[in-house]
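Written below as structure tokens is the structure these notes are about.
What follows is calculated from the coordinates using simple rules that are stated; it is not laboratory data. Small disclaimer: the values here were computed from a predicted structure and weren't measured. Here the Cβ is made from the backbone with ideal geometry for all residues, glycine too, and neighbour counts use every protein chain on show.
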Amino acid sequence: MADEIEFPGAATGRSALSRRILNHLHANPTIIPLFVLVIGLIIFSFVVGERFFHPFNLSLVLQQVTIIGTVALAQTLIILTAGIDLSVGAIMILSSVAMGKLAVTLGYPPEIALLLGIGVGGLCGWFNGIFVTYIRLPPFIVTLGTWSVFSAMVQYFSNGETIAQRDIEAGAEFLQWSGEAMKFGAARVTTGSIMMLMLAGFLWYMLNRTAFGRHIYAVGGDQEAARLSGINTKRVLMSVYLIAGLICGFAGWLMIGRIGAVSPLGGEMTNLDSITAVVIGGTSLFGGRGSIIGTLIGALIVGFFRNGLALAGLDVLWQEFTVGLLIITAVSFDQWLRRISN
Amino acid sequence: MAQEDIELMSVSVDRTKPPLLSARNLHKSYGRVVAMNGADFDLYEGEILAVIGDNGAGKSSMIGALAGAVRPDSGKIVFDGKEVHFASPMEAREQGIETVFQGLALAPALTIVDNLFLGREYRQPGLRGTIFRALDRRRMRAEASKHLSDLGLATIQNIDQVVETLSGGQRQGVAVARACAFGSRVVILDEPTAALGVKESRKVLELIRDVRARGISIVLISHNMPLVFELADRVHVHRLGRRIAQVRPSDITMSDAVAIMTGAMEPPPDAAA
């Protein structure tokens, strides 16, 4: 057929320009969080001044967001499939306890303990995946349950005791490796931060340059449509939960590097903080839309806002207040984008 | 297109040969709901077969079985002379049967290119493809543009556009283009005009004709009687989970077809299936 068919209906009531902007926002969901980050940095540079942009302070923020950032990467994969994972923090702690127990108490070589600990994370993720994929329970409920289950396992294996820093230093110093810092002038960048960025790079590649990554978006956007397109949706979902578990296990290692010890406490806020970073980063809680870079930016926004507000001398409650506002704004924006596109 | 032209086009359909795709005595129940109750089906090479039936008559289940999306409890499906058992839509596609499912089966947040190649992406040659699983995006983009312009959908200028920003007609265009680009033998369209206005429906109709002109056989499930009577070479009437008649649009009026479909009229004796 030679003559061109034009499909009408797209332009109703909206100018070409606003449609182009809309299309850009759809194609590049990270524009808005990036904008928020830049605005925030500008405001803090005026309010706080030089101290804020001091290399030491910038690298401190990076250190502070490394663990949440890593867990948020896992959370991004889950949320892209229209799921949610409330057990990420518990998986992280359970993995770090496993590493500490194996290396310090049971005397395994720390490298083996690390791999087994990450494996524990993978097992937890796999467990979540089975319930979500094959028993078809809502991810919220499954991970609410496994949050408790994994937390109980943490208490069982650790007896509620911390493995002290000096005990780890004695035989399993490798477990603290991620806390080692490289100095770039006044900036101190930990190996953990670098590994987090490398992991983000790897996941970006996976999501954007491989068929598997495209399938994650398709499954999250419309699972039935993905299935009818010939995608093995069960395998995609299982893989995502498994990978998320492995990443949380990896975050457990970073946790040991950060605090130097293995603590059965901590991580309670990690679940919600990771969701916060993902949502502020522009990933839709309804699935199918979002990005790894957005999540990194989201984690940095939270880190810089907390840091900037603290340096400005404001009470911690205003940090919470601001982060809360950011979450609501981000979700409202996502809703608005969805509504006008339908 | 005038009625005579359609008659002319259908002359090329050879019904002395065995059907290209056929089904016999398909059964499927979901609990107590019987979706297929001994359904038969025949599609001949090169024809446009319309399937009509009331809501809940089991058309979509039958189509699902032919497309690999539904596994029948019993019965037999023969494609190109061989009995087939499709376990997934992918297996049907590998044989050259493409389906545009009702509701489109597009991934809303992905681009047009991503959607066209969803589930059958090209990978880069060499190590980049095998080890790093890298997609060959350039090749996919080039082929996507070609397919869309072949089908006269060139007004979709930006193939990197996200599907959910397209209008209903454009989305339908993408879904049909995907099926037609890869469907080497049979394209099944389940309610392709359901969400469309009159003008957009015309475009889809032209697309369907264009695809048939390439020698691809078409199954068209539709409630849109004018569309059915304008396009189809034969009409398969489905009722209560099975085929109750096969008629030629020229032998029957639209209102009689609807009457047979709803059970208000017995099918003519020579048309009963």
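Set the Cα radius of gyration of chain B against 2.2 N^0.38 Å, with N its number of residues, and you get 1.03.
Mean residue ellipticity, 222 nm, helices only, chain B: the sum of -39500 (n - 2.57) across DSSP H runs of n ≥ 4, divided by residue count and rounded to 500, is -9500 deg cm²/dmol. Measure nothing fancy, just the Cα-based angle from helix A:139-158's long axis to the longest principal axis of chain A, in degrees from 0 to 90, nearest 10. Roughly 10 degrees, rounded to the nearest 10. Distance between the 7 Å Cα→Cβ label points at A:LEU265 and A:GLU320: 1.7 nm. Dividing the radius of gyration of the alpha carbons in region B:110-161 by their Kirkwood radius gives 1.04 for Rg/Rh.
Taking a straight Cα-Cα cut-off under 16 Å and skipping sequence neighbours fewer than 8 places away in the same chain, the aspartates and glutamates within cross-link reach of A:LYS101 are A:GLU111, A:GLU161, A:ASP167, A:GLU169, A:GLU173.
From helices alone, chain A scores -23500 deg cm²/dmol at 222 nm; the rule is -39500 (n - 2.57) for each run of n ≥ 4 DSSP H residues, then divide by the residue total. In this label model, B:THR253 and A:LEU115 are separated by 8.0 nm, measuring between points 7 Å along each Cα→Cβ vector.
Averaged over residues, the count of other Cβ atoms within 10 Å places the peptides A:85-94, B:231-240 in the sequence A:85-94, B:231-240, highest first. Residue by residue along A:202-214, Cβ atoms of other protein chains within 10 Å of the local Cβ number 4 on average. Aspartates and glutamates near B:LYS203 by alpha-carbon distance under 12 Å, same-chain residues fewer than 8 away left out - which ones? List returned: A:ASP3, A:GLU4, A:GLU6.
Ignoring lysines fewer than eight residues from B:LYS76 along the same chain, the ones with Cα atoms less than 24 angstrom from its Cα are B:LYS17, B:LYS28, B:LYS59.
At a Förster distance of 56 Å, what's the computed FRET efficiency of B:ASN158 paired with A:SER45, Cβ-Cβ distance as r, to 0.05? Walk me through the numbers before you get to the answer.
Values: r = 38 Å, r/R0 = 0.67.
Plugging the Cβ-Cβ distance into 1/(1 + (r/R0)^6) gives 0.90.
Return one number: the angle in degrees, 0 to 90 and rounded to the nearest 10, between the long axis of the Cα atoms of helix A:16-27 and the longest principal axis of the Cα atoms of chain A. Taking the Cα atoms of chain A, the angle to A:16-27 is about 30 degrees.
Projecting label points 7 angstrom from Cα along Cα→Cβ for A:PHE202 and A:ASN28 puts them 2.9 nm apart. Radius of gyration over Kirkwood radius for the protein assembly as shown, both on Cα atoms: the Rg/Rh ratio is 1.07.
Which one, A:THR233, A:THR276, A:THR66, has the greatest fluctuation when you compute a Gaussian network model over chain A with C-alpha springs under 10 angstrom? In the Gaussian network model the winner is A:THR233.
Of the residues A:PHE321, A:LEU86, A:ASN28, the one whose Cα sits farthest toward the positive end of the charge dipole of chain A, with +1 on the Cβ of Lys and Arg and -1 on the Cβ of Asp and Glu, is A:ASN28. Residue by residue along B:162-170, Cβ atoms of other protein chains within 10 Å of the local Cβ number 6 on average. If you wrap the tightest convex hull around every Cα atom of region B:25-67 and split its volume per residue, you get 70 Å³. Helix A:88-100 axis versus longest C-alpha principal axis of chain A: approximately 30°, rounded to the nearest ten. Comparing A:PRO138, A:PRO29, A:PRO264 in a Gaussian network model of chain A, where Cα atoms under 10 Å apart are tied by springs, the biggest mean-square fluctuation is seen for A:PRO138.
Taking 0.36 nm per intervening residue step and subtracting the Cα-Cα distance, what contour gain separates A:ALA181 from A:VAL149 on full extension? Could you put the intermediate results ahead of the total?
Details: separation 32, 0.36 × 32 = 11.52 nm, distance 3.47 nm.
Full extension from A:ALA181 to A:VAL149 adds 8.1 nm.
Assuming R0 = 22 Å, can you tell me the calculated FRET efficiency for the pair A:ARG235 and B:HIS85, based on Cβ-Cβ distance, to the nearest 0.05?
Working: r = 21 Å, r/R0 = 0.95.
Once rounded, the FRET efficiency stands at 0.60.
Return the FRET efficiency for the residue pair B:ASP270, B:HIS223: r is the Cβ-Cβ distance, R0 is 22 Å, and the value is rounded to the nearest 0.05. With R0 = 22 Å, the Cβ-Cβ based efficiency is 0.30. Counting every other Cβ atom within 10 Å of each residue's Cβ, A:PHE150, A:PHE304 order from fewest to most as A:PHE304, A:PHE150.
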